[in-house]
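Below is one structure, written out as structure tokens, with a few remarks after it.
The values are calculated or read from the model by the stated rules, or taken from the named source; none is laboratory data. A quick note: this is a predicted structure, and the numbers were derived from the prediction, not measured. Cβ: placed from backbone, ideal geometry, glycine included. Neighbour counts: every protein chain shown. Protein only, heavy atoms only, side chains kept; ligands, DNA and RNA dropped before computing areas. Shrake-Rupley method; radii C 1.70, N 1.55, O 1.52, S 1.80 Å.
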Amino acid sequence: MKSSELILELSKNLQLSKTEITKRLDDTAEIIVSALEEGKTVSLGNLGVLEVKKRNERISVNPVSGKRLLIPPKLVVKFKASSTLKEKVKNSSHE
């Protein structure tokens, strides 16, 4: 689903303008990003949890040249789906 499709669906369901929905989604994203920047975990109800994890440094090998590279540590955002979401997706009938 594209962002525009989500906005249209929310607009229909909540009977709000697309502009208002877009503003609310932007505000929501801003709040989530701010919390993640502060190192907080964000729980999204029956969807799951977003959190920042540290990825350790590691050694990678270029398969063409065989040259070894040291990849530095970095922070990444991880999403862990809730058991409710996993069950719904597992039991859905899409092809």
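A compact table of results
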read-out	value
Given charges at beta-carbon only (K, R positive; D, E negative), |dipole| of the chain in Debye	580
Pair S65, L14: separation of 7 Å Cα→Cβ label points (nm)	5.0
Environment charge at S17 (Cβ cut-off 13 Å; Lys +1, Arg +1, Asp -1, Glu -1)	+3
Relative contact order [Cα under 8 Å, 6+ residues apart], the chain, whole percent	19
Surface/4 estimate of mean projected area, convex hull on alpha-carbon atoms of the chain, nm²	10.0
Signed unit charges on C-beta, dipole axis of the chain, positive-most listed residue V42, S93, V61	V61
Residue order for L25, L14 - accessible surface, 1.4 angstrom probe, largest first	L14, L25
J(HN,Hα) series, the range 50-58, from Karplus relation 6.51 cos²θ - 1.76 cosθ + 1.60, nearest Hz, glycine and proline x	9, 8, 8, 10, 8, 8, 5, 5, 8
Potential extension, M1-D27 segment - 0.36 nm per residue separation minus Cα distance	7.4 nm
P(r), alpha carbons of the range 42-87 - 5 Å bins starting at zero, rounded %	5, 19, 15, 14, 11, 11, 11, 8, 5, 1
Over the chain: helical MRE at 222 nm, DSSP H runs n ≥ 4 each giving -39500 (n - 2.57), nearest 500	-13500 deg cm²/dmol
DSSP-assigned coil residues among trypsin sites (Lys or Arg not before Pro) in the range 13-95, each with at most 13 further Cβ atoms within 10 Å	K40, K67
Solvent-accessible area per residue, Å², over the chain with all protein chains present [probe radius 1.4 Å]	85
